[in-house]
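Here the structure is laid out as structure tokens; the discussion comes afterwards.
Laboratory data are not the source of any read-out in this text; all were calculated from the coordinates shown. All values reported here derive from a predicted model rather than from experimental measurement.
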């Protein structure tokens, strides 16, 4: 939709929205617990949580849209419909920065918000109130996580979530959504020296993308007599022995390689 990944400026946002995410436990945003408490304790700021569970983050929220499991898309689509039907979209910002508004208005203008609210199990008035809070705020930052990414209609959920903050002009502003810069461009290794063929791993020939090797081929790259096999593995903020497929084989590979770990233990 945007051509790049985006993140939310939660430290400065007026309205923080978490979809299928509990940053009190999972973090995922800088200084998660400190920022959450600051938002919760500031009467001029608000927090919205869309989650079937009453999580620690939901306990701090001003609006907890407690959807039925797997029905997040109905709730998010209802929010988009409220923006369109109540004419809360930022038309000036969209005219300068987006295309396709007419199609969105046609699709979501026909949605029965009350019906969608019933389908997701959230009171219609609560959905409308939360949506209006986003639309009238100076800024809104959003984060989604595995609760919707590993659930029914995950791609649709991600698109709908982005529609809400895009329709309200919350991209590229303080407290809104932004595209982070990274060092990947300085260290890209997709190609061989001189820009030749795409690089692949030495043993199984797995494609290396932005310097990253597919994790599940790591044991095959280590447990071999190939002269170019991997002999060392640097692990940063992860635990591949537990989190990757085929744990016994990964454990065997870890004993053969040298693991240097940051933030976790091998």
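Across the alpha-carbon set of the stretch 1-72, the Rg to Rh ratio works out to 0.97, Rh being the Kirkwood radius.
Comparing mean-square fluctuations of 60, 213, 94 from a GNM of the chain with C-alpha springs under 10 Å, the top value falls on 213.
Based on DSSP H runs of at least 4 residues, each adding -39500 (n - 2.57), what is the mean residue ellipticity at 222 nm of the chain after dividing by all its residues, to the nearest 500 deg cm²/dmol?
-11000 deg cm²/dmol
When the scattering of the stretch 92-184 is computed by the Debye formula from its Cα atoms alone, each counted once and equally, what is log10 I(q)/I(0) at q = 0.13 Å⁻¹? Values, matching the q order: -0.55.
Running a GNM on the chain with Cα contacts under 10 Å, which residue among 131, 34, 198 ends up with the highest mean-square fluctuation? Sorting by GNM fluctuation, first place goes to 198. A Gaussian network model of the chain, with springs between Cα atoms under 10 Å, assigns the largest mean-square fluctuation among 25, 252, 118 to 252. Annotation for the stretch 227-253 versus the stretch 26-53: alpha-carbon center distance of 35 Å. In plain terms, the bigger the Kirkwood radius, the slower the diffusion; for the chain, with that radius from Cα pairs, at 10 °C and 1.306 mPa s, Stokes-Einstein puts D at 76 µm²/s. Here the stretch 206-247 was treated as a single set of alpha-carbon atoms; its pair distances binned every 5 Å from 0 give 5, 19, 29, 31, 14, 3 percent.
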